[in-house]
Amino acid sequence: MKIVIAPDSFKGSLNADEAARAIEQGVLKAHPYADTVRLPVADGGEGTLDTLVAATNGQKISIQVTGPLGHKVEAEYGVLGDGKTCVIEMANASGISLVPREELNPLKATTFGTGELIKQALDDGFTSFILALGGSATNDGGVGMLQALGLSLLDEYGKQISTGGAELSKIHTVDVSGFDERIHDCQFLIASDVENPLIGPKGASHVFGPQKGATPEMVLQLDDCLAHWADEVEKVTGVHLHDLQGAGAAGGIGGAFQAFFPSQMKRGIDVVIEHTGLHMALDGADLVITGEGQVDFQTASGKTPMGVAQAAKIQNIPTVIIAGSIGTGIDVLYQHGIVSVNSIINKPMTLNEAIENAADLLAKSAEQVVRSFFYHKTKD
C-alpha cells in the first residue's frame, strides 16, 4: 500500500513537515508496512519558502528588514536548488505573525520590509523570483514595498508620504524615475491563491482587513485609500487595478506587482506542486492524505487540500483531508476527488488544548482514517 502524505501547516501548532510526520506516525500504526511518501506542501502563504527550499535542497539567506510596524525583524529569502531562483515569502518580512494581535493596525502596517528583501536579492544577483504573498499584516497596496525599491510617492506639497494604508489618500504624484531599473530585467512569478480585486465588497480591505485588525470604519477608509491609489497608478502605468483579478492579494500588493513588475500570477499550490514533484510522487499511490488547520468553503478556491486533491484526481487516486477544524460549505470539495473531510478533534477541548496536542491528535486521526479506508477497500 502506497500512501502519499502532503499536508500544509496547521497554523499556530505544526509546520507542514511536522504535520506530515505526525500523519505518517498514525498511518504506520494502522499499516506498519505501508509505503509512505512525505511531501509537505504550501499554497503561497506561510511555509511556502521552507517547503520550496527543502524540496529542492536549496538554502536560506537571513537579513534584517523593516517589520510591519516599523521595527527591525530578522527575515529570510530562499534560493532554490538550481541556485538561480529566489523565493520571497511576504510573511517573513510583513507577516501578521510578526505583530501581537492587540497591536494589529492596517492603517499603519507597511510592506517596506518585503521591498528590502527583494532589493537585497537583486543586489545578490538574482533575476528569477517566486513571490509568495499569503499571511500579510498589511493593507497598503504594496506601496511600502515600492518605496523600498525607489518609487517616490509625493503628497501635494512634494513630500514623500509615510508608510501604512492610511497614507495612500495623500498621494498626489507617482514618480517612477528612481524605481530600481534592474526589476525590468527580471522575471517574477506571483504565487497566490487570492483572486480578489483591489477594491469594493470583494476587495482587499473588506474581505481581509478585519482579520488584520480593521474595524468597520477602518475598512471603509482603507478601501477609499486603495481606490485613490489605483487611480494614481492608472495615470502612470495605464493598468486599471480597481477590479483586476488578484490585485487584492495580501492587502493589495498583488496589484503593485501586476502594475510595476514584469510578472505573472499563478495559484500558489500549483507553483509548489511543480517544484516539489508531487505528480511523480503520486505514481502508484493508493491514497493521498492532505490537510491544514481550517477547512471550509474557501478551501475550494485553491487552498492546499484542493490543489493536492486535483492533482491526485488526474491519476484516479482518492484524497482524504484531515483538518484542525471544519467550517461550512465543504460539500463542494467532494466534487474534486476528496472522499472525506475529518477533524482531529476527538472530544470536547479548548483551542489551546487542540494546539498543544496537535501532533498527537493528528496522528490518531490519521490512524483511524487509514484503518477505515483500507478496511472498506478490502471489503469491496
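Bear in mind these aren't lab numbers, they're just calculated from the coordinates by the rules spelled out. These numbers were taken from a predicted model, which means no experiment stands behind them. Quick reminder, even Gly has a Cβ in these numbers, built from the backbone with ideal geometry, and neighbours come from all protein chains shown.
For the reader, a short list of remarks on this structure follows.
- Only Lys, Arg, Asp and Glu carry charge here, each on its Cβ (+1 for the first two, -1 for the last two); on that basis the chain has a dipole of about 980 debye about its Cα centre.
- Of the beta bridges in the chain, as assigned by DSSP with both residues counted there, near 35 percent are antiparallel.
- Signed unit charges on C-beta, dipole axis of the chain, positive-most listed residue 141, 363, 109: 363
- Contour excess over end-to-end distance, with Cα ends at residue 343 and residue 274 and 0.36 nm allotted per residue: 22.0 nm
- (i) 21.3; (ii) 24.3; (iii) 22.1, with the label sought being that of the calculated Kirkwood radius over Cα pairs in Å: (i)
- Potential extension, residue 195-residue 316 segment - 0.36 nm per residue separation minus Cα distance: 40.8 nm
- Efficiency of FRET from Cβ geometry, residue 371 and residue 283, R₀ 41 Å, rounded to 0.05: 0.95
- Positive minus negative residues near residue 347 (Lys, Arg vs Asp, Glu; Cβ under 15 Å): -2
- The angle between the Cα long axis of helix 16-30 and the main principal axis of the chain comes to about 10°, on a 0 to 90 degree scale.
- Between residue 266 and residue 57, the C-beta separation translates, for a Förster distance of 30 Å, into a calculated FRET efficiency of about 0.85.
- Normalised contact order of the stretch 141-254, rounded percent, pairs of Cα under 8 Å and 6 or more residues apart: 32
- Acute angle (nearest 10 degrees) that the helix 249-260 long axis makes with the longest principal axis of the chain, alpha-carbon atoms: 60
- Inter-label distance, residue 335 to residue 202: 1.6 nm, where each label sits 7 Å from its Cα along the C-beta direction.
- Among the listed pairs 11/212; 60/84; 159/212; 72/266, those whose Cα-Cα separation exceeds 19 Å are 159/212; 72/266.
- Packing, taken as the mean count of other beta carbons within 10 Å per residue, orders the peptides 335-347, 137-149, 359-371 from highest to lowest as 137-149, 359-371, 335-347.
- Here is how the number arises for the chain: DSSP H runs of 4 or more residues each give -39500 (n - 2.57), the sum is divided by the residue count, and the result at 222 nm is -11000 deg cm²/dmol.
- Counted charge near residue 366, where neighbours are those whose Cβ lies closer than 9 Å (Asp, Glu -1; Lys, Arg +1): 0
- Neighbour net charge for residue 154 - beta-carbon separation under 11 angstrom, K R +1, D E -1: -2
- Placing dummy labels 7 Å off each Cα toward the beta-carbon, the span from residue 243 to residue 173 is 3.3 nm.
- Assigned charges on the beta-carbon of Lys, Arg, Asp, Glu; the stretch 48-268 dipole about Cα centre (debye): 320
- Dipole of the stretch 1-151, positive end: most advanced residue of 7, 92, 27 [Cβ charges, Cα centre]: 27
- Residue list for the stretch 293-328, given a label point 7 angstrom along the Cα-to-Cβ vector of residue 2 and an amide N cut-off under 15 Å: 312-318
- Relative to the longest principal axis of the Cα atoms of the chain, the long axis of helix 304-314 lies at roughly 60 degrees.
- Placing R0 at 41 angstrom, the Cβ-Cβ distance between residue 157 and residue 187 gives a FRET efficiency of 0.60 after rounding to 0.05.
- Inter-probe distance in nm under a simple model that places probes 7 Å from Cα toward Cβ, at residue 297 and residue 101: 2.4
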